[in-house]
Structure formats: structure tokens, C-alpha cells
Amino acid sequence: MIKFRYLTLLFLTTLAADDKLVIEQMIKHNCGRNSKNGDKLELHYVGKLENKRIFDSSRDRKQTFSFQIGKGEVIQGWERGLLEMCPGDMRRLIVPPSLGYGNMNMGKIPANSYLFFEVQLVSIYDPVEDRKYELQEFGHKPMYKDEL
């Protein structure tokens, strides 16, 4: 247990030094339309703190979450970490405090917290084309993390 805590501390210390968003692609689909600024994204997510405690989950509510990317409706970690995704893609994001809530306490989220998200994109709505892109439109076999 001590070794694990040491590695976690070392990992977070390294992150703090870089203060960069970490994006891990878990499932990747090949599609003709990736998410971009201005799109309305519909997704499922689970948000956890460093101690693995869930602070929010659309899956627990059994309801997707939607927002327009690039408009400042969500934290910067999501604004950056959810670009160039296809419907069905799954990513793990590690969001540093500077791209999350910074030094603000946000209910279950203490100030200066790293946020750990598992996010799966359900659909993309392009308001310019007035078209919704969903996984079944593409029909491609997904590539999993070990196949990327």
C-alpha cells in the first residue's frame, strides 16, 4: 500500500509540474465526423476524485449530458479533452486543477483537485449542417486501447 501511495504521489507531482491535461483513448471508432468546436455533444461520464470517490455520474442518473463545445459551458479540461472524438469513443481524462475548478470548492469537489473522468461520446450534433451523427451511422468495428 505504501508503494502504491508513493507512486500515486509521484504521478500527481509529475502532473502538477506539467499542469497538463492527460487524455487516454480507451475505445476509438473510425468515423467520418469528429467532434469540433461549435458542436453539441451528448455523452455519458463518471467523474472521480484522486481517492476514487465518485462526485458525479450521468450513468448513475441514467441520463446523458449535453453541451455545446467551445462555448465555455464546461471546464477547460473537457473543452480540450473532448475534441476530435467520434460517437462511441471512450476516453479517460485526468484534469489538473488549472483546467478544472482551480482553487474553488465545488460541493463534493475540494479546491485544487485533480479530476478523473471516463467519458463516452454518444452523439454529435452539428448546428451548421443541422445533422446529428451517432454510432450506428458509421457501423465500424471499434478499436480498443490495446489495438491503437
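Each reported figure results from applying straightforward, stated rules to the coordinates on display, with no laboratory input. A quick note: this is a predicted structure, and the numbers were derived from the prediction, not measured. FYI the Cβ positions are ideal-geometry reconstructions off the backbone, even for glycines, and counts take in every protein chain you see.
Worth pointing out:
- Computed label-point distance, nm, for sites ASN51 and MET106 using a 7 Å Cα→Cβ extension: 1.9 nm
- Rg followed by Dmax, in Å, when region 51-132 is reduced to its Cα trace: 13.7, 42
- Packing-based order for 41-50, 23-32, using average beta carbon neighbours within 10 Å, highest first: 41-50, 23-32
- Label point 7 Å beyond Cα of GLN68 along Cβ direction - residues of region 116-136 with amide nitrogen under 11 Å: 127-128
- Local electrostatic count at SER113 - Lys and Arg +1, Asp and Glu -1, tallied over other residues with Cβ under 13 Å: +2
- Distance from the alpha carbon centroid of region 94-124 to that of region 46-92 works out to 9 angstrom.
- Taking label positions 7 Å along the Cα-Cβ direction at both ASN34 and LEU83, the computed distance is 1.0 nm, reported to one decimal.
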